[in-house]
Amino acid sequence: MTSLAGPVNQVLGEQILAGERSRSRRWRVQFMLAWLVIVAALVAFVLITINLDTQFIAKWLPFILTGVPVTIFVSFASITLAVILAVLGALGRLSVNPYVNGLASFYVSFFRGTPLLLQIVFIYFALPQMGLVLPEIPTGIIALGFNYGAYMTEVFRSGIQAVPHGQTEAALSLGMSGGTTFRRIIVPQAFRIVTPAIGNDFIAMLKDSSLVSVISVHELLYQAQVAGRPNHKSMQTLLIAAMVYWILTIAFSFFQARLERRQAVGDRSRRPGSG
């Protein structure tokens, strides 16, 4: 009987795995069907309620799409600035120096406590009264970067604090300096912890970058408005912009999910006994 237990357990295990894979496939098929039904219903609603001018769309679509590279550039530049500010802000919030901690706390409180649109308009229209004139794109990058950096400061602070303190003590006991320990031990682990949050904030920033259209940055929404308003076709051009934003969001969400899965695999492979 004992000799038969191994093969029987193996067969049962394979049957269980096969059942789980079958249920997973059915779930994915049903999920896709739900999406197809919803999308088909939305398309039908648009076609029935809106008199789409296909010639107009074909004419102006390339013009509207010229705003996509600007949107992506502003988003990438802004998230880069936001990460830098978040790291500095997190270090300031963790500092025992009251002046440094106070400065970082003020930065977080001010930029989280005022609307992003107000910050964009203030930098572009109010600062020139002080003699500081900035072009449209740098204004948008600075406003988005400072605003998101304030929110991400708390994320980075939590990520740094999540690294076990024992690892810092072990690095110091091996003769590493405080700066080297922070760069080589704490920062890499903290970044792995906060990567999902950075990805989520980037996707949110991709959409919030549309706010810089108010200062005439030629991004996606601005191009859609320029094409639609004079021709009284705003419904159609704004729908195009919405679809492009949606596609960009889906694409970057897909890459974010892949990055998170790769990091999860890497973390498992580094665990003791995982090999």
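The values are calculated or read from the model by the stated rules, or taken from the named source; none is laboratory data. Being a predicted model, the structure only gives us computed values, none of them experimental. Here Cβ is always computed from backbone atoms with ideal geometry, including for glycine, and neighbour counts include all displayed protein chains.
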(request) Collect the residues in the range 49-60 that are loosely packed, with under 15 Cβ neighbours inside 10 Å and of a type in the set (A, V, I, L, M, F, W, C), keeping them in residue-number order. (result) ILE50, LEU52, ALA58
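Quick check on PHE45: is it aromatic (Phe, Trp, Tyr), surrounded by 10 or more Cβ atoms within 10 Å (Cβ to Cβ), at pLDDT 90 or above and at negative phi? So that I can check it myself, show each step before the final result.
On the way: aromatic (Phe, Trp, Tyr): yes; surrounded by 10 or more Cβ atoms within 10 Å (Cβ to Cβ): yes; at pLDDT 90 or above: no; at negative phi: yes.
So PHE45 fails the test.
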(request) Count, please, the residues in the range 50-66 that happen to be of a type in the set (Val, Ile, Thr) and farther than 21 Å from SER210 by Cβ. (result) 2
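Report those helices (runs of 4 or more DSSP H) wholly inside the range 1-115 carrying at least 2 residues which are in contact with a Leu (Cβ under 6 Å, 6 or more places away or on another chain). Steps first, answer last, please.
Values: elements: 2-49, 54-65, 67-94, 98-113.
Ranges flagged: 67-94.
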(message) Looking at the structure I just gave you, is VAL74 closer than 30 Å to SER158 by Cβ, β-branched (Val, Ile, Thr), in contact with a helix residue (DSSP H, G or I) (Cβ under 6 Å, 6 or more places away or on another chain) and at pLDDT 85 or above?
(response) yes
(request) Scan the range 160-186 for residues that are over 29 Å from the mean Cα position of the chain (by Cα) and farther than 19 Å from GLY92 by Cα and report the count. (result) 11
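How many of the residues making up the range 119-142 are buried (at least 16 other Cβ atoms within 10 Å of the Cβ) and either in contact with a Phe, Trp or Tyr (Cβ under 8 Å, 6 or more places away or on another chain) or among the β-branched types (Val, Ile, Thr) (or both)?
The initial filter retains those residues of the range 119-142 that are buried (at least 16 other Cβ atoms within 10 Å of the Cβ), namely 119-121, 123-124, 134, 136-137, 139-142.
Now narrow it down to the ones that are either in contact with a Phe, Trp or Tyr (Cβ under 8 Å, 6 or more places away or on another chain) or among the β-branched types (Val, Ile, Thr) (or both): 119-121, 123, 134, 136-137, 139, 141-142.
Adding up the residues that qualify gives 10.
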